[in-house]
Amino acid sequence: MRPSTEFNLIVIGAGAGGMTAALIAAVLGMKVLLVEGSDKIGGTMAYSSGTAWIPGSQHQAEPDASEDAARALGYLDALVGDLADRKLREAFIANGPKMIAFLQANTSVRFQAYSYHPDYRQELPGAASGGRPLDPLHFDGRLLGNKFDVIRWPMPELTLPGGMMVTRGEAARLLNGLTSWDSIKLGITLLSRLASDRLHYKRGTRLVLGNALAARLYKSLLDQKVTIILNGRITRLIKTSGTVRGVVLAQNNTETSIFACQGVILAGGGFAANREWREHYLPKPTAQYTPAYDGCNGETIKLALAAGGIIGPAASDNALWFPCSIAQRKDGSTAVYPHIVLDRAKPGLIAVNSMGRRFTNEAASYHDFAHAMYATNQEGQSIPAALICDRRFLWKYGLGMIWPHSLSVKRYIQNGYLQADHSLNGLAAKIGVDANNLAQTVKTYNKFSKTGKDTEFGKGEDIYNRNNGDPLHQPNPCIGPIASAPYYSVRVFPLPVATSLGLKTDENANVLDESSQPIEGLYACGNDMNSAFGGQYPGGGSQIGLAMTFAYIAATHAKHRQPLQR
Ligand SMILES: Cc1cc2nc3c(=O)[nH]c(=O)nc-3n(C[C@H](O)[C@H](O)[C@H](O)COP(=O)(O)OP(=O)(O)OC[C@H]3O[C@@H](n4cnc5c(N)ncnc54)[C@H](O)[C@@H]3O)c2cc1C
């Protein structure tokens with residue numbers, strides 16, 4: 001579609017932040033242009049679980065929502081401290097629930113609260129056991145008609161064969177296999193839906209997680225008749241007399257100046273996919289891959305820098321992290337598998353460094369686990385670290401890309417993803433780990449499995465750990481013996497799921513210049529905005545929660561600006 005050359009608001013990037021900002025602005029009556037650089041909408045959000053961490057939302061039944069907002073601010077104070085301006089987190093806490101209420105009342109975006117989904121730093125005051133992370137309701141992709149294909153696909157390693165999406169709860173039910181009527185019924189329902197989908201579509205249309213959120217936002221944008229340009233490239237921002245007034249769009253070898261009388265919002269998803277910037281801004285050894293979408297390459301941040309914006313202030317390490325394993329796919333592409341919650345906390349797995357020693361609590365949040373890899377890398381190489389388990393574990397819980405109850409793991413051994421041996425000594429030799437230490441580590445860990453007490457790192461001691469363990473395993477749901485040969489190992493690397501270093505903004509999401517003055521008409525949200533949490537990770541959904549909330553703040557602030565005359 002050729003755009004009209006005048007809009008109230010232009011949003012760049014159709015991911016979590018950008019789609020939310022464009023949608024809210026449209027509902028508020030603004031004429032909006034959303035420009036996406038790729039041929040698909042959704043960005044990294046489409047790969048994600050779609051969880052949004054919003055304390056005090058209307059979906060939170062217990063404890064009382066408004067009280068929880070105050071407690072959550074205390075939690076953020078304890079976690080973030082001076083790493084970010086307090087005004088930013090105050091704005092987040094005040095506006096998150098408003099953003100959710102607004103979307104619920106005016107659009108097809110729907111969430112429900114996870115009643116039990118503990119915050120990641122349980123030792124801090126104000127940490128909650130649940131209610132703050134919100135989960136998008138599943139969505140029927142058929143409602144998008146021929147636009148269904150515009151949604152970015154989820155990661156193939158996180159879907160079932162045939163492109164069927166399931167939630168974590170559904171996966172657990174399905175894994176009960178033929179042992180329960182509930183799993184059989186669910187299996188039949190999902191498979192028949194997939195079979196009928198595949199007659200007309202390239203993948204399943206029953207969308208859950210981040211794909212459901214992306215599709216709900218997209219459906220709502222279409223309902224609002226927002227102009228969306230795919231494969232669009234913005235070459236620069238138009239700025240005169242200190243005010244951003246629009247963008248220059250390059251498409252089909254022509255450049256068009258497009259005027260935006262109330263503002264431009266940048267939402268390009270940060271720079272996790274930019275190798276050079278990873279080398280420059282992130283800790284060493286530099287991450288070679290990212291699980292984020294390739295298009296999150298810092299181009300939108302560069303646009304703001306060229307218009308006088310600045311980045312920072314830098315926090316502890318400028319990124320948010322997942323421990324990830326890497327494999328070549330059959331088509332030659334690289335799979336970057338995030339070890340989020342499915343394996344590390346389960347009983348019977350340890351993570352060791354090259355000395356064969358554990359270096360952290362394996363059940364810690366992905367962000368904290370990856371931090372520990374960096375923090376201890378000098379003592380004994382923990383980048384990469386080796387996740388180690390036995391046959392029983394692999395069958396019951398799976399490991400990384402290997403699903404539980406996999407009848408054969410041969411292809412993973414052949415492509416080098418999985419190392420296996422009938423003895424721990426043999427495994428140690430194959431993975432380059434000190435064999436004596438590994439034997440001692442496993443012996444000690446196996447003792448912990450009897451007492452239920454990890455006296456070294458406290459695995460399974462808090463509710464966050466235990467929530468990801470196996471509730472049926474006693475005495476500690478996160479510690480079990482490693483004793484049934486063969487033994488297995490997968491290597492994990494700390495990789496940035498997102499960057500937390502971004503454009504400096506004020507609490508209105510207005511981009512600031514080097515004198516800390518707002519650049520009129522220019523906003524940033526999502527990972528393009530410097531993290532309001534100072535690079536810390538309070539709980540599940542922190543990134544999408546921040547992205548959507550500051551998108552709401554930016555759109556409503558722009559709405560209240562006096563429209564510029566051309
Ligand atoms: C497996 C996985 C699970 C995750 N689960 C969660 C979760 O449950 N909760 C959570 O909070 N976070 C989660 N995340 C992280 C989260 O998805 C991202 O941090 C979040 O989507 C960032 O939002 P954003 O709007 O900044 O960027 P994105 O959602 O990545 O969107 C950015 C968009 O901007 C476009 N773009 C970039 N540059 C340009 C340009 N120059 N011009 C036009 N368009 C451009 C990109 O193509 C992309 O579509 C997960 C990530 C992964 C990989």
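The values are calculated or read from the model by the stated rules, or taken from the named source; none is laboratory data. Here the structure is a predicted model, which is why all the values come from computation and not from measurement. Note: ideal-geometry Cβ built from the backbone for every residue, glycine included; neighbour counts use all protein chains shown. Each accessible area value is taken on the protein alone, full model and side chains, heavy atoms only, with ligands, DNA and RNA left out. Shrake-Rupley method; radii C 1.70, N 1.55, O 1.52, S 1.80 Å.
Overview of values
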| quantity | calculated |
| --- | --- |
| Hits in segment 172-190 (condition: free of Cβ contacts under 8 Å to residues at least 60 places away in the same chain and either surrounded by 14 or more Cβ atoms within 10 Å (Cβ to Cβ) or in the same structural domain as GLY43 (by TED's automatic domain parsing) (or both)) | ARG173, LEU174, ASN176, SER183, ILE184, LEU186, GLY187, LEU190 |
| Residue that is within 25 Å of ILE519 (Cα to Cα) and open to solvent by 30 Å² or more (accessible area, probe 1.4 Å), where the choices are GLU276, GLU299 | GLU299 |
| Unmet criterion (only one of (1) within 28 Å of ALA509 (Cα to Cα); (2) crowded, with 19+ Cβ neighbours inside 10 Å) for ALA94 | (2) |
| Residues (more than 16 Å from the ligand (Cβ to nearest atom), out of contact with any helix residue (DSSP H, G or I) (no Cβ under 6 Å at 6 or more places or on another chain) and outside any loop (DSSP other than H, G, I, E, B)) located in segment 318-351 | GLN328, ALA351 |
| SER531 vs. criteria near the ligand (Cβ under 9 Å from one of its atoms), open to solvent by less than 30 Å² (accessible area, probe 1.4 Å) and of a type in the set (Ser, Thr, Tyr) | no |
| Residues within segment 55-91 that are open to solvent by 20 Å² or more (accessible area, probe 1.4 Å) and either closer than 30 Å to ARG206 by Cβ or not in a helix (DSSP H, G or I) (or both), tallied | 7 |
| Residue within segment 12-30 that is open to solvent by 50 Å² or more (accessible area, probe 1.4 Å), among the hydroxyl-bearing types (Ser, Thr, Tyr) and part of a helix (DSSP H, G or I) present | no |
| 3 or more residues touching a strand residue (DSSP E or B) at 6+ places or on another chain (Cβ under 8 Å) and not assigned by TED's automatic domain parsing to the domain that holds GLY17: qualifying helices (runs of 4 or more DSSP H) within segment 423-526 | 424-431, 435-451 |
| Leading residue by the ranking (nearest to the ligand (Cβ to nearest atom)) among those in segment 55-68 that are in contact with a Pro (Cβ under 9 Å, 6 or more places away or on another chain) and closer than 15 Å to PRO125 by Cβ | PRO55 |
| Subset of segment 34-54 (residues that are more than 6 Å from the ligand (Cβ to nearest atom) and open to solvent by 40 Å² or more (accessible area, probe 1.4 Å)) | ASP39, LYS40 |
| Cβ-Cβ under 6 Å pairs, at least 6 apart or on other chains, segment 460-473 side of a type in the set (Phe, Trp, Tyr), far side assigned to a loop (DSSP other than H, G, I, E, B) | TYR464/PRO118; TYR464/TYR120; TYR464/GLN122 |
| Criterion: under 21 Å from the mean Cα position of the chain (by Cα) and more than 21 Å from ALA14 (Cβ to Cβ) - qualifying residue of LEU160, LEU174, LEU191, LEU186 | LEU160 |
| Number of the exception - GLY15 against (1) in contact with a strand residue (DSSP E or B) (Cβ under 6 Å, 6 or more places away or on another chain); (2) farther than 16 Å from GLY96 by Cα; (3) near the ligand (Cβ under 8 Å from one of its atoms) | (1) |
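Conditions (1) within 13 Å of the ligand (Cβ to nearest atom); (2) open to solvent by less than 10 Å² (accessible area, probe 1.4 Å), marked per residue:
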{"residue": "GLY502", "(1), (2)": "yes, yes"}
{"residue": "ALA509", "(1), (2)": "yes, yes"}
{"residue": "SER515", "(1), (2)": "no, no"}
{"residue": "ASN527", "(1), (2)": "yes, no"}
{"residue": "TYR537", "(1), (2)": "yes, no"}
{"residue": "LEU546", "(1), (2)": "yes, no"}
{"residue": "THR549", "(1), (2)": "yes, yes"}
{"residue": "LYS559", "(1), (2)": "no, no"}
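Condition check ((1) in contact (Cβ under 8 Å) with a residue 12 or more places away in the chain; (2) assigned to a strand (DSSP E or B); (3) outside the structural domain of TYR75 (by TED's automatic domain parsing); (4) within 20 Å of the chain's Cα centre (by Cα)) across all residues:
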site	(1), (2), (3), (4)
TYR116	yes, no, no, yes
ASP119	yes, no, no, yes
PRO125	yes, no, no, no
GLY131	yes, no, no, yes
LEU134	yes, yes, no, yes
LEU143	yes, no, no, no
ASP149	yes, no, no, no
TRP153	yes, no, no, yes
